[in-house]
Amino acid sequence: MTMGGSWSYVKNEQYKPIDEIIRNLCLIVSRGGNYLLNIAPSETGEWDSAAYKRLEEIGAWMKVNGEAIYGTEPIEPYSQWNFKAQEWMFTSKLENGKWVVYAILMGNHDLNDKAILDLTVLSKVWSERMQAILPAAKTVSGCKAQLLGYDVKADNVSVIGEQKFSLPRDLDWKIRKVESVGPSGSRIIKPESYRNMPPALVWRLDFE
């Protein structure tokens, strides 16, 4: 897949936004695939400065959330949408004899102040995997959740139906001043609400 719009070098190329690149990565990995990202060099072997910026953004996200990507495999139901239009994708890995699940929430949607995730299918599949390793393993009764990169944890989370996860205060809506020039050259300053959301948030789920 190309980072821009062409497999070959194009001057002033329009590169995909970081949200789209990270979504592609998570979607592909959650289906068991590998993400091959093409960046075409110029005739001098250089990349566009925008390409370097995208790579820095990918690296920053992976530094925090890489454990949800590297060495993982798919787990049903692979992805999930809820009525709040929140998009989730899932990966998993075997760690010290137990399966760890990663719930990846895309950040390009209006999350309000809560993330909503239905754990019913995930917990059922986790139990089946554990019983395949240890036939005497008990059915899952709950889970612990940790938001990677933030001091946000939840213990004794129910695995039945939809659960609500609080978002860190760092992601609260904020107001900034946006300056522009009017038709007559006058200076116009308007307030604008914004949210400094990463491309995706990742919860580590340890079922018990």
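The figures follow:
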| read-out | value |
| --- | --- |
| Entries in 153/177; 53/190; 144/164; 114/144; 11/177 that, when Cα-Cα distance is taken, lie over 22 Å | 153/177; 53/190; 11/177 |
| Helix-only mean residue ellipticity at 222 nm for the chain, each DSSP H run of n ≥ 4 adding -39500 (n - 2.57), per residue, nearest 500 | -7000 deg cm²/dmol |
| Label zone at residue 118 (point 7 Å along Cα-to-Cβ), backbone N below 15 Å, segment 50-88 | 76-88 |
| Protection proxy ranking, peptides 122-131, 34-43, average beta carbon neighbours within 10 Å, highest first | 122-131, 34-43 |
| Label-point separation, residue 153 to residue 35 (7 Å along Cα→Cβ), nm | 2.9 |
| Cα shape, the chain, gyration tensor, a/c 1.5 rule | oblate |
| Rounded tilt (10° steps) of 18-30 against the dominant C-alpha axis of the chain | 30 |
| Calculated FRET efficiency for the pair residue 20/residue 139, C-beta based, R₀ 45 Å, to 0.05 | 0.70 |
| Amide hydrogen neighbours beyond the local backbone of residue 163, cut-off 5 Å, H modeled | 117, 118, 119 |
| Degrees separating the helix 120-133 axis from the principal Cα axis of the chain, which is the longest one | 60 |
| Tilt relative to the chain, helix 49-65 - C-alpha long axis, 0 to 90 degrees, to 10 | 20 |
| Rounded to the nearest 20 debye, dipole of the chain from Cβ charges on Lys, Arg, Asp, Glu | 380 |
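Since every read-out is calculated from the coordinates, none of them should be taken as a lab result. If you're wondering where the values come from, they're calculated on a predicted model, not measured in any experiment. Backbone-built Cβ (ideal geometry, glycine too); neighbour counts: all protein chains shown.
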